[in-house]
1. Calculate one ³J(HN,Hα) per residue across the stretch 62-69 by plugging θ = phi - 60° into the Karplus curve 6.51 cos²θ - 1.76 cosθ + 1.60, and present them in order as whole Hz with x for glycine and proline.
2. Would you pull out the residues with amide H under 5 Å of R41's amide H, same chain only if 5 or more places away, H placed 1.01 Å from N?
3. Would you tally the net charge around A65, using a Cβ to Cβ cut-off of less than 14 Å, leaving A65 out, and scoring K and R as +1, D and E as -1?
4. Considering amide H positions built from the backbone, and no H for Pro or chain starts, which residues 5 or more places from V62, or on another chain, come under 5 Å of its amide H?
5. Of the accessible area of the chain, with the probe set at 1.4 angstrom, what percent is carbon plus sulfur?
6. Rounded to the nearest 10 Å², what accessible area does L53 have for a 1.4 Å probe in the complete protein model?
7. For every helix of n ≥ 4 consecutive DSSP H residues, a contribution of -39,500 (n - 2.57) applies; sum these over the chain, divide by its total residues, and give [θ] at 222 nm rounded to the nearest 500 deg cm²/dmol.
8. Per residue, how large is the accessible surface of the chain? Use a 1.4 angstrom probe and give square angstrom.
Amino acid sequence: MEFEHANWKPLEIQIGERCAEFMWMRRQNGLEYYKHIDTRRYLILDAEGRCYLRRDGDLVVVDFAEEFRRVAEAIDV
């Protein structure tokens with residue numbers, strides 16, 4: 001069984017040292033999935049740090065700051 005290496009670069013680009021608040025979960029279709037350790041919500045980023053959210057079964061690009069706040073602070077938007 002081979003394990004993928006965690007890719008922290010997209011998250012580091014966006015939040016620097018606050019990466020410690022997240023766990024890298026997986027890479028799927030070129031996107032990195034990070035889970036917040038307290039809220040258990042996911043932050044989905046591409047290699048350039050663009051942020052995605054699942055809406056109606058599709059992944060759409062969303063504002064990083066708004067999505068980060070929702071994920072990190074557990075605010076329902």
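The values are calculated or read from the model by the stated rules, or taken from the named source; none is laboratory data. As the structure is a computational prediction, the values presented were derived from the model and not from experiment. Neighbour counts are summed over all protein chains in view; Cβ atoms, including those assigned to glycine, are modelled from backbone coordinates with ideal geometry. In case anyone asks, the SASA skips ligands and DNA or RNA and just uses the protein heavy atoms, side chains included. Shrake-Rupley method; radii C 1.70, N 1.55, O 1.52, S 1.80 Å.
1. Per residue, the Karplus-derived 3J(HN,Hα) values read 10, 5, 4, 4, 5, 5, 4, 4 Hz.
2. Amide H neighbours of R41: H36.
3. Working: positive: R18, R50, R69, R70; negative: D63, E66, E67, E73.
Counting the neighbours of A65, the net charge comes to 0.
4. Answer set, sorted by chain and number: C51, Y52, L53.
5. Ligands and nucleic acids excluded, carbon and sulfur give 47 percent.
6. Accessible area, nearest 10 Å²: 40 Å².
7. -6000 deg cm²/dmol
8. 68
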